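The values are calculated or read from the model by the stated rules, or taken from the named source; none is laboratory data. These numbers come from a predicted model, not from an experiment. Reconstructed Cβ throughout: ideal geometry from the backbone, glycine too, with neighbour counts over all protein chains shown.
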Amino acid sequence: MEPKAYLNLILLGKKRAGKSVSGNTILGREAFISRRRSGSVTPDNTVESGTVDGFPVNVYDTPGICDPELSEDEIQQKIENVLQRCESGHCVFLLVIKADSFTEEERKTVEKIEKLLGEERLNKTWILFTRGDELEEDNLTIQEFLDRNNGLKTLVEKYDQRYHVFNNKKKTAASDQARLLLVNILQRSLGLSGECFKRSYRPKFLVTNCGGKLYLSYVKVYYKLLQIIY
Ligand SMILES: Nc1nc2c(ncn2[C@@H]2O[C@H](COP(=O)(O)OP(=O)(O)OP(=O)(O)O)[C@@H](O)[C@H]2O)c(=O)[nH]1
Ligand SMILES: [Mg+2]
């Protein structure tokens, strides 16, 4: 039976940014194909369904912007197709960017995606940084990393701090990472800050489980009751 409440997550970004592998982290399985060596992999839109901690999601993987194997027009067409297709449900767009230097090419890629998305969808867009493992290796928190990268810091500010970091190499923690992403998204979608949750809505026993299962269950209840996500 088609679940009543589900979330469409649409992965967009430059080629090799880590879209497919991030989709795998979200779904907790090898749903999308990726390749280690250079060269683009995802030639077409693909959708895979699953759950994050019991919460139903559809994950849309898309071809990378700047993919040399596809013309700009082809890529644009494919992305427009996916945007039309997914919007029968609640959508969150994930702009996948490597937590690395933000080159001019990357900046232009972001601009292209923003143009394709259009003003309204930008409010439902999150930046998903990949390569959290490399930040860890460099002993950098995401905040320290952003402080050293003006371009990305400005971008994150533009998105009103709607960002999340994935370490796609850490398969063992995939479900925790996916759950935290979803909690962040649902919390923001419901317009509830952590503080507001703590003070007004959350019964005392939930306070100690802020990022954990109970917290997500609680958000889920709200989600189901209110059906107001976007
Ligand atoms: N170290 C590290 N590597 C990552 C991470 N995420 C993705 N990668 C690597 O980046 C490469 C590209 O990942 P994909 O998921 O295939 O990238 P994509 O954006 O789907 O690429 P296209 O489909 O070609 O546009 C692969 O070698 C991944 O293993 C991460 O968090 N850490
Ligand atoms: Mg891919």
Every residue from region 48-73 that is crowded, with 16+ Cβ neighbours inside 10 Å and closer than 19 Å to LEU116 by Cα: VAL59, TYR60, ASP61, THR62, PRO63, GLY64, ILE65, CYS66, ASP67, LEU70
Qualifying residue in region 105-126 (condition: closer than 18 Å to LYS19 by Cβ, surrounded by 14 or more Cβ atoms within 10 Å (Cβ to Cβ) and in contact with a His (Cβ under 7 Å, 6 or more places away or on another chain)): yes
Test: residue in region 166-181 that is at pLDDT below 90, assigned to a helix (DSSP H, G or I) and either more than 16 Å from ligand 1 (Cβ to nearest atom) or loosely packed, with under 12 Cβ neighbours inside 10 Å (or both): yes
All positions within region 98-153 that are part of a loop (DSSP other than H, G, I, E, B) and either in contact (Cβ under 8 Å) with a residue 40 or more places away in the chain or of a type in the set (Val, Ile, Thr) (or both): ALA99, SER101, PHE102, THR103, LYS124, ARG131, THR141, ASN149
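Let's see how each residue does on (1) within 11 Å of ligand 2 (Cβ to nearest atom); (2) charged (D, E, K, R); (3) more than 17 Å from PHE166 (Cβ to Cβ):
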position: ARG16; (1), (2), (3): yes, yes, no
position: ASN24; (1), (2), (3): yes, no, no
position: SER34; (1), (2), (3): yes, no, no
position: THR51; (1), (2), (3): no, no, yes
position: GLY54; (1), (2), (3): no, no, yes
position: ASP61; (1), (2), (3): yes, yes, no
position: CYS66; (1), (2), (3): no, no, yes
Total residues in region 48-80, condition over 24 Å from GLU30 (Cα atoms) and at pLDDT 90 or above: 2
Residue tally, condition within 16 Å of ligand 1 (Cβ to nearest atom) and under 22 Å from VAL82 (Cβ atoms), over region 127-165: 6
CYS91, sole failed condition from (1) within 25 Å of LYS171 (Cα to Cα); (2) more than 12 Å from ligand 2 (Cβ to nearest atom); (3) assigned to a strand (DSSP E or B): (1)
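May I ask you to verify whether PRO43 is within 15 Å of ligand 1 (Cβ to nearest atom), over 14 Å from the mean Cα position of the chain (by Cα) and surrounded by 12 or more Cβ atoms within 10 Å (Cβ to Cβ)?
yes
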Leading residue by the ranking (farthest from ligand 1 (Cβ to nearest atom)) among those in region 78-116 that are small (Gly, Ala, Ser) and closer than 23 Å to PHE166 by Cα: SER101
Count of region 39-69 residues which are in contact (Cβ under 8 Å) with a residue 60 or more places away in the chain and outside any loop (DSSP other than H, G, I, E, B): 3
